[in-house]
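Here's the structure, in structure tokens; my notes come after.
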Amino acid sequence: MNDAQNWQKNTPKKLMMPRNLIWGGAIAAIVIAFVVFLLIFMSSSETPTAFLAKWKNTLESSDLKRYDALWIKSERLRPDKGYPNTAKLLRDNIRLDVNLEGGNPPYQIPRYPNRYRIEGIPVTVHLPDGAQQQLRNLVIEKKGIVQQRWKIAQDEIVGEDYIASVPTYTTTQQPNRPNPSNSPVAPLVLNWKSALERQDSTAYTALWDKSARKKRTSSFRQALGLMSQAHIIDLQDATYTPVPTHRNRYIVDAIRVTLQNNGDIVETHNRTLTIEKKGFFRRKWKLINDQVGEISGAIVLEQTQQPSGANTVSGDESGGAFDGNAPLDTQLKARQILGKWQAAWEGKDLNTYMSIYSDEALITRVTVRDGKETPVYLNKKQLRASMKRLNSLYSDIQVDISKLQINGDRAVADVVFLQKFTGTPASGTRPAYSDYGAKRLNLMIDPTDGHWRIYAETWSRYEDVPEYPKM
């Protein structure tokens, strides 16, 4: 009886042991999963180039506390690491301007996978007795146990004396022009610049959104195809424009890229980047387009002549010196778009012709007779129907452009010219038709793909205008 009672008394205790082990194992698994989550999802994905942008912003803000937070604390206390010199400038409210494009790309220090060095960064110091230039060498290192972040290990001023001159890269910001250093996509642009200048196809590919690479295959492959040439990239005049209709999309335009082969300049063109924040849990800025401009070589740019070949504006008076206040690259882009538009019209290539117009384009046609204007308004769909009918009426179409003038800036072009249209019908029973008037095209960058397109067109046709003898 005692044995039976002891067996019953001890049995529940034995049964409880596995349950405790199960609960203990479950808790341990949860703790391990949580730690793994912290290591994976809370570790910083910041690149060295992105940290450089943060360092630049901190120096230019003259915020000593922010500068302190960028340092490894133990290194900040060592006087030979360069902290005291910069701290004194910030403490005295001395304004600093940093030119990241002037320095060398970050490179990994051998045998230290989490340490990078950046040499020759120009910094302008605006002292009371005048502006002077420094060159900085920066060493950064990824530190932390659970959450690793880049920190400064050295911020050294190269040499003992400043260069008593203002560097040539210092420029005055244009009114209402966004400051690139304040743009959230600036770090990605610097990574893009570094990848191209290092001819690193793998790093360049990683900057793209995967779905965008498939959708914009031609742009992606064209950029990769240029990797065999040495790239020199100038971001000085680049514009960083947020797209109003897309909260997380930016257009970065007017990037000048010069390609070299064995030291010889092959060509110079403009690049337009379309950047968007992508991802579900961890959203990152990614390239969704990298449009290589159609501008021809550096020699043509230096001589300020229009590019030769297809898709350039014809007409006796349209190919001379540029008229208008638009920058040179805008002049060239507008002429190429206009040449493509003219060739498509004369070739009755309706699809190409309509592709140059934005989906939101508004077309205004004004007939002027005896000083009275009669306007007609068309949308893109109505314009297509009108051009389709026009193409069916004439077997031969000629569009002559003269008195071309292009005004605007790096994102907008206002193109004005005189247009003479001549249509010859297929049948000999009808005479050729001709009209003459003034046309205005408003071109802008399409935020969806970075291409220049026509957003507005105004055509003023003058009837019964007498011809006077030319003096």
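FRET efficiency for the pair residue 393 and residue 449, taken as 1/(1 + (r/R0)^6) with r the Cβ-Cβ distance and R0 = 41 Å, rounds to 0.80. The calculated FRET efficiency for residue 328 paired with residue 148, based on their beta-carbon distance and R0 = 56 Å, is about 0.75.
Note on region 331-464: the alpha carbon radius of gyration divided by the globular reference 2.2 N^0.38 Å gives 1.06. Counting 0.36 nm for each residue step from residue 201 to residue 236 and taking away their Cα separation leaves a gain of 10.2 nm.
The distance between label points at residue 111 and residue 261 comes to 4.2 nm (points 7 Å beyond Cα on the Cα→Cβ vector). For residue 324, the residues whose modelled amide H falls within less than 5 Å of its own, excluding neighbours fewer than 5 places apart on the same chain, are 406. In this structure the amide hydrogen of residue 402, modeled in the peptide plane, comes within under 5 Å of the amide hydrogens of 418, none closer than 5 places in sequence on its chain. Evaluated at q = 0.09, 0.18, 0.20 Å⁻¹, the base-10 log of the normalised Debye intensity for region 182-303, with identical point scatterers placed on the Cα atoms, takes the values -0.24, -0.95, -1.16. Each of the peptides 440-452, 185-197 was scored by the mean count of other Cβ atoms within 10 Å over its residues; in descending order, highest first, they stand as 185-197, 440-452. Seen from residue 113, the other residues with C-beta closer than 11 Å to its C-beta sum to a net charge of +2, counting Lys and Arg as +1 and Asp and Glu as -1. For region 184-200, backbone phi angles converted through the Karplus equation (6.51, -1.76, 1.60; θ = phi - 60°) give residue-by-residue couplings of x, 9, 4, x, 5, 5, 5, 5, 4, 4, 5, 5, 5, 5, 8, 6, 9 Hz, Gly and Pro being listed as x. Each residue of region 381-398 is assigned a 3J(HN,Hα), and the resulting list reads 5, 5, 5, 4, 4, 5, 5, 4, 5, 5, 5, 6, 7, 10, 7, 9, 10, 10 Hz, derived from the Karplus form 6.51 cos²θ - 1.76 cosθ + 1.60 (θ = phi - 60°), x at Gly and Pro. Evaluated at q = 0.11, 0.18 Å⁻¹, a Debye calculation over the C-alpha positions of region 69-150 (equal weights, vacuum) places log10 I(q)/I(0) at -0.36, -0.91.
Relative contact order, whole percent, for region 182-303 stands at 23, derived from Cα pairs under 8 Å and 6 or more residues apart. Just to be sure I understand the model, the point goes 7 Å from the Cα along the line to the Cβ. What's the resulting residue 376 to residue 434 distance in nm? Each label point lies 7 Å from its Cα, and together they span 2.2 nm. Positive contributions from Lys and Arg (+1) and negative ones from Asp and Glu (-1), summed over other residues with Cβ under 9 Å from the Cβ of residue 208, come out at +2.
Which lysines, on any chain, are close to residue 215 with Cα under 16 Å apart, when same-chain ones fewer than 8 places away are left out? Cα-Cα hits under 16 Å: 278, 286.
In this simple spin-label model, placing a label point 7 Å from the Cα along the Cα-to-Cβ direction at both residue 280 and residue 247 gives a separation of 2.0 nm.
Cross-link list 142/214; 73/142; 56/88; 340/381: which exceed 22 angstrom alpha carbon to alpha carbon? Checking Cα-Cα distances, 142/214 exceed 22 Å.
Rule-based calculations on the coordinates, nothing more; no lab input. Since this is a predicted model, take the numbers as computed values, not measurements. Note that we place each Cβ from the backbone using ideal geometry, even for glycine, and neighbour counts take in every protein chain shown.
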